[in-house]
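S.K.: For reference, the structure I am asking about is given below.
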Amino acid sequence: WYQRRVRGRILISEVPTMAIEEVFLYNNTSVIQDEVLCHRLGLLPINIDSRLFEMKGEGVEADAKNTLQFKLKMRCKRNKKAPTDTTNPEEIYTNTKVYTRHIDWEPLGNQREWLKGGVKFCHDDILINVLRPGQEIDMTMHAVKGIGSDHAKFSPVATATYRLLPEIQLLKEFRGAAAEKLKSCFSPGVIEIENGVAVVKNARLDSGSREVLRHPELAEGVKLLKLRDHFIFTIESTGAVDPLELLREAVKVLKGKCEVYRKELDVLT
């Protein structure tokens, strides 16, 4: 229950992050429609600790404690200094590709004082749009604090999974060609050959393919098990929060829920 709760509910949908919520679009003459462009912006991971901010309530004005403001303005033009024989759009035009590094953070209030390192996106080379001469985008964006259950853009993880630790038992000795064949049935590093004999080197690396069971001459000498009290968590962060910190925050959320349930039970009893 604990593992499913942390992975399936809390990590994915209840650990808060910051994401672009409002886009004030002044001009967009690119080929991407306004709605699609705004949706792409909302999915950009922002490298900022959401614990520094408050949740922005309904009808509450944007301020330094609940909002991050960004500005993006670019216009594509022909490059008059481009080589005459080139066909590369990045040489023929200027500002042809719009990346996250072109988005500027505009501090609200005293944010520059307590966000000394500034605010950036997790990666500065995420492609947002492609422009051609005469096309322009001009907008202001507001990022707020939210959770994945409200919208997937607030989810801090791209993937969060868990599995039981594999255990591989060799019931007989494998040598020569049989040892080599056994080794090839598992992920690299699981089975190694030492002094001509196959041994289990690192069962943790096993992908669970069970390929060995397809070979009767090998299957009878191998037993595949799972340790039911050893779980392996895999947390793939979007980049906004370190995976280990995400796990800590998820446990805090779970402890808070348990405390609420405990108080409710105390009232009932």
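S.K.: Could you list, in sequence order, the residues of segment 50-66 that are closer than 15 Å to Gly118 by Cα, open to solvent by less than 60 Å² (accessible area, probe 1.4 Å) and out of contact with any strand residue (DSSP E or B) (no Cβ under 7 Å at 6 or more places or on another chain)?
M.R.: Correct list: Ala64 only.
S.K.: Same structure again: Look at segment 209-242 and say how many of its residues are not basic (Lys, Arg) and not in a loop (DSSP other than H, G, I, E, B).
M.R.: In the first step, residues of segment 209-242 are kept if they are not basic (Lys, Arg); the result is 209, 211-213, 215-222, 224-225, 227, 229-242.
Right, trim to not in a loop (DSSP other than H, G, I, E, B) and you get 211-213, 216-219, 222, 224-225, 227, 229-237.
Result for segment 209-242: 20.
S.K.: Ok, one more. Picking from Leu254, Leu246, Leu225, which residue would you name as being on the phi < 0 side of the Ramachandran plot, in contact (Cβ under 8 Å) with a residue 60 or more places away in the chain and in contact with a strand residue (DSSP E or B) (Cβ under 6 Å, 6 or more places away or on another chain)?
M.R.: Only one candidate passes the filter, namely Leu246.
S.K.: Which condition number does Pro166 fail, the rest of (1) open to solvent by 50 Å² or more (accessible area, probe 1.4 Å); (2) touching a residue at least 60 places away in the same chain (Cβ under 8 Å) being met?
M.R.: For Pro166, the failing item is (1).
S.K.: Evaluate the following for Ser237: is it small (Gly, Ala, Ser) and out of contact with any helix residue (DSSP H, G or I) (no Cβ under 9 Å at 6 or more places or on another chain)?
M.R.: Taking the combined requirement at face value, the residue does not satisfy it.
S.K.: What number of residues within segment 132-151 satisfy the criterion of being under 17 Å from the mean Cα position of the chain (by Cα), crowded, with 20+ Cβ neighbours inside 10 Å and in a loop (DSSP other than H, G, I, E, B)?
M.R.: Summing the residues that are under 17 Å from the mean Cα position of the chain (by Cα), crowded, with 20+ Cβ neighbours inside 10 Å and in a loop (DSSP other than H, G, I, E, B) in segment 132-151 gives 1.
S.K.: Count, please, the residues in segment 42-70 that happen to be within 17 Å of Ser237 (Cα to Cα), in contact (Cβ under 8 Å) with a residue 40 or more places away in the chain and not in a loop (DSSP other than H, G, I, E, B).
M.R.: Number of matching residues: 4.
The values are calculated or read from the model by the stated rules, or taken from the named source; none is laboratory data. The shown structure was predicted, so the numbers you read here are calculated from the model rather than taken from an experiment. Neighbour counts are summed over all protein chains in view; Cβ atoms, including those assigned to glycine, are modelled from backbone coordinates with ideal geometry. Protein only, heavy atoms only, side chains kept; ligands, DNA and RNA dropped before computing areas. Shrake-Rupley method; radii C 1.70, N 1.55, O 1.52, S 1.80 Å.
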